[in-house]
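Have a look at the structure below, then the notes.
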Amino acid sequence: MEKVAQYLQEHIAGEVITSKDARKYFSTDGSVFELEPQIIVYPRNSSDIRKVARFSWQLAERGKHLPITARGRGSDQSGGSLGSGVMVVFPAHMNKLLELDTGKGVVTVQAGALFSDLQNTLHTHGRFLPPYPSSIDFSTIGGAIANNAGGEKTVKYGQTRKFTKELDVVLANGELVRTVRLSKRELNRKKGLTSFEGEVYRQLDNLITDNWELIQNISINTTKNSAGYALWEVKRKDGSFDLTPLIVGSQSTLGVITEAVLQTESYNPNPTLISASFENIDLANQAVEEILKLGPSALEIVDKYLLDFIKQNNPNQLVGLVEEPHPAFILLAEFDDVSDRKQKRRSKRAVKILKNLARDFSVATDEHERDMLWKIRHSAAAVIWHSNGSKKALPIIEDGVVPRERLREYISGIYDLFNKYNLQIALWGHAGDANLHMQPFLDLSKVGDRQLVFKIMDEYYQMVISLGGSTSGEHNDGRLRAPYLAQLYGNDVYELFKKVKKIFDPYNILNPGVKVNVTQKDVAPLLRKEYSMEHLSDHLPRT
Ligand SMILES: Cc1cc2nc3c(=O)[nH]c(=O)nc-3n(C[C@H](O)[C@H](O)[C@H](O)COP(=O)(O)OP(=O)(O)OC[C@H]3O[C@@H](n4cnc5c(N)ncnc54)[C@H](O)[C@@H]3O)c2cc1C
């Protein structure tokens with residue numbers, strides 16, 4: 001591999017590294033898996049990435065396999081940012097905000113920009129990018145696009161796909177293309193190209209046209225979904241065609257994103273936030289249903305077990321915020337209407353609902369009060385970063401989403417599962433989208449716990465699918481959930497996903513082992529012996 005690294009270093013402007021410690025460093029991400037890359041590349045520009053891809057493609061033509069994995073900050077919890085070949089790491093150099101059109105609210109940014117850096121800049125212009133993940137401080141824009149990330153504001157605004165207007169993408173053979181919605185005539189022009197891009201448009205259009213009914217009938221009736229390839233968003237009835245929604249959420253399995261043009265929203269720094277406690281799941285569920293009708297900008301939930309966990313491990317964190325005994329659930333509802341009058345009206349209606357259903361509630365309109373209430377929801381981080389002896393909170397069943405009307409059944413099912421395996425329960429998440437997070441404490445150095453990982457996953461994903469849900473609301477398939485894709489979408493649609501992959505990546509160079517063609521047998525050997533998220537600390541090229 002040293003020769004390959006040397007060749008690449010001679011041809012690109014960025015740094016190429018093969019040191020043992022760097023490879024070790026990039027062998028983990030936010031997931032429970034481990035896989036060591038052979039070469040680390042810190043590209044300085046898209047031309048560097050094109051050269052790496054072209055090189056890998058030429059090797060493949062000669063029967064040699066050197067996969068490419070794009071990487072932001074490696075916070076991915078599905079194992080999507082791991083790879084065994086060349087790891088193309090964006091944040092070191094390709095992290096610039098290139099253009100902000102304040103009139104149109106459109107921003108052009110390089111893939112490796114830190115999400116929170118972009119968000120802070122947007123705030124100063126009265127704008128924001130709504131689908132920010134809770135990992136905003138340690139994740140990139142490229143990672144958010146590739147995962148179709150979402151977060152607390154998704155209930156009102158939607159996920160990353162909705163805000164991604166155009167992308168610059170390096171294809172498997174090294175061609176750089178710009179994706180954008182094309183008219184029928186523009187599509188025909190693309191299909192006439194003799195390049196690989198033309199081939200992609202021709203084959204994909206044929207695939208969609210031939211399977212139109214099947215694609216239109218894909219019905220996962222959830223308000224968010226990051227599983228699979230969003231084939232249903234590519235071609236519209238008017239004949240217009242866009243690769244962008246397909247690349248969004250594709251986890252570097254179809255192309256490497258270098259730049260993005262994103263639509264932002266106007267930002268209201270003064271929302272109203274309401275926190276309410278509930279004695280049981282029925283009352284909380286009713287409140288969710290009724291408050292949803294008011295169009296909240298966030299509708300989040302934490303349960304009693306999370307609060308008990310915080311009390312036990314960090315007694316001061318929630319002092320003065322939540323009364324004891326802890327309620328069964330706390331909901332946080334936010335209204336961020338730019339019109340003060342509208343915001344007040346909606347908040348008043350929410351209060352009326354809560355007077356009937358909640359044990360108690362409080363309304364925060366100033367920044368300090370709001371920050372204090374958000375602490376309740378953000379206290380979930382304490383579980384994620386906590387270690388209970390050698391047991392760690394593992395992200396293995398952390399992102400299922402179900403149709404909104406099945407939230408109650410979903411929560412009961414999760415409690416049953418945790419009780420069945422005698423696991424410590426704690427759940428939190430996006431009640432308004434029925435997208436919940438929970439991470440069971442297990443010890444990956446123990447054979448019994450390692451076996452349990454797959455048992456729990458099987459039962460959990462089975463439950464989510466049987467409730468009409470999706471295995472991933474926002475964290476994507478990666479290696480973790482890829483084995484459940486066929487079950488989720490059915491074999492016919494899964495076959496289409498495999499064909500999409502083949503069209504974009506005939507030599508299986510782009511992040512193989514992620515999203516499609518993955519079985520549990522493939523991923524079981526990658527399970528780590530010990531889980532931690534050390535890699536989330538800063539890294540820069542060492543040359
Ligand atoms: C504590 C914690 C909380 C989280 N909360 C949320 C949340 O609220 N919502 C949410 O959606 N996610 C969440 N995540 C998951 C993850 O942080 C996000 O999805 C995030 O957007 C990933 O960004 P990243 O820069 O870390 O990407 P990485 O982990 O580096 O990569 C993620 C995926 O994107 C691909 N990728 C990265 N860059 C590119 C590129 N330039 N071109 C093509 N593909 C690329 C990678 O190959 C990989 O498949 C959380 C994770 C943790 C650890």
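Taking the options VAL169, VAL200, name whichever one is more than 24 Å from the chain's Cα centre (by Cα) and hydrophobic (A, V, I, L, M, F, W, C).
VAL200
Take ILE291 and tell me if it is assigned to a helix (DSSP H, G or I), among the aliphatic types (A, V, I, L, M) and within 24 Å of ARG341 (Cβ to Cβ).
yes
Give me the helices (runs of 4 or more DSSP H) completely within the range 173-241, filtered to those with at least 2 residues that are touching an Asp or Glu at 6+ places or on another chain (Cβ under 8 Å), closer than 30 Å to PHE55 by Cα and modelled with pLDDT of 95 or more, ordered by residue number.
In the range 173-241, the matching helices (runs of 4 or more DSSP H) lie at 184-191, 196-210.
Out of the residues in the range 368-390 meeting the condition of being without any contact (Cβ under 8 Å) to a residue 60 or more places away in the chain and of a type in the set (D, E, K, R), tell me which one is surrounded by the fewest Cβ atoms within 10 Å (Cβ to Cβ).
The qualifying residue surrounded by the fewest Cβ atoms within 10 Å (Cβ to Cβ) is ASP371.
Only helices (runs of 4 or more DSSP H) wholly contained in the range 340-411 count here; list those with 2 or more residues that are within 16 Å of the ligand (Cβ to nearest atom) and under 28 Å from THR222 (Cα atoms).
Qualifying helices (runs of 4 or more DSSP H): 367-378, 381-385.
Being among the polar types (S, T, N, Q) and in a loop (DSSP other than H, G, I, E, B) is the filter; apply it to the range 413-450 and report the residue that is farthest from the ligand (Cβ to nearest atom).
So, considering only residues that are among the polar types (S, T, N, Q) and in a loop (DSSP other than H, G, I, E, B), the one farthest from the ligand (Cβ to nearest atom) is ASN422.
Is there any pair with a first residue in the range 129-145 that is among the hydrophobic types (A, V, I, L, M, F, W, C) and a second that is within 6 Å of the ligand (Cβ to nearest atom) whose Cβ atoms are under 7 Å apart and which are 6 or more apart or on different chains, and what are they?
Here the result reads PHE138/ARG73; PHE138/SER75; ILE141/ALA111; ALA144/PRO133; ILE145/ILE257, each pair linking the range 129-145 to a residue that is within 6 Å of the ligand (Cβ to nearest atom).
Which one is farthest from the ligand (Cβ to nearest atom) among residues in the range 60-90 that are surrounded by fewer than 24 Cβ atoms within 10 Å (Cβ to Cβ) and either within 23 Å of LYS20 (Cβ to Cβ) or of a type in the set (D, E, K, R) (or both)?
Going through the qualifying residues, I end up with ARG62.
For the range 98-116, name all the residues that are free of Cβ contacts under 8 Å to residues at least 24 places away in the same chain and either in a strand (DSSP E or B) or touching a Phe, Trp or Tyr at 6+ places or on another chain (Cβ under 9 Å) (or both).
Of everything in the range 98-116, those that are free of Cβ contacts under 8 Å to residues at least 24 places away in the same chain and either in a strand (DSSP E or B) or touching a Phe, Trp or Tyr at 6+ places or on another chain (Cβ under 9 Å) (or both) turn out to be GLU99, ASP101, SER116.
Those residues that are out of contact with any Ser or Thr (no Cβ under 7 Å at 6 or more places or on another chain), surrounded by 19 or more Cβ atoms within 10 Å (Cβ to Cβ) and over 28 Å from GLU530 (Cα atoms), I need them from the range 20-59; list them, please.
PRO43, ASP48, ARG50, LYS51, VAL52, ALA53, PHE55, SER56, TRP57
Out of the residues in the range 121-150 meeting the condition of being within 6 Å of the ligand (Cβ to nearest atom) and over 19 Å from GLU166 (Cβ atoms), tell me which one is surrounded by the fewest Cβ atoms within 10 Å (Cβ to Cβ).
Looking at the filtered set, the residue picked out is SER134.
Run SER412 past the list (1) surrounded by fewer than 17 Cβ atoms within 10 Å (Cβ to Cβ); (2) over 26 Å from VAL155 (Cβ atoms) and report the number of the one that doesn't hold.
(2)
Can you pull out the residues in the range 306-339 that are outside any loop (DSSP other than H, G, I, E, B) and surrounded by fewer than 19 Cβ atoms within 10 Å (Cβ to Cβ)?
ASP308, LYS311, GLN312, ASN313, listed by residue number.
Pick from SER362, SER297, SER275: which is polar (S, T, N, Q), out of contact with any Phe, Trp or Tyr (no Cβ under 7 Å at 6 or more places or on another chain) and either within 30 Å of LYS165 (Cα to Cα) or surrounded by 13 or more Cβ atoms within 10 Å (Cβ to Cβ) (or both)?
Testing whether each residue is polar (S, T, N, Q), out of contact with any Phe, Trp or Tyr (no Cβ under 7 Å at 6 or more places or on another chain) and either within 30 Å of LYS165 (Cα to Cα) or surrounded by 13 or more Cβ atoms within 10 Å (Cβ to Cβ) (or both) leaves just SER362.
Looking at the range 151-164, which of its residues are touching a helix residue (DSSP H, G or I) at 6+ places or on another chain (Cβ under 7 Å) and either within 6 Å of the ligand (Cβ to nearest atom) or within 17 Å of ASP336 (Cα to Cα) (or both)?
Within the range 151-164, THR154, VAL155 meet the criteria.
The values are calculated or read from the model by the stated rules, or taken from the named source; none is laboratory data. This is a predicted model, so every value here is computed, not measured. Note: ideal-geometry Cβ built from the backbone for every residue, glycine included; neighbour counts use all protein chains shown.
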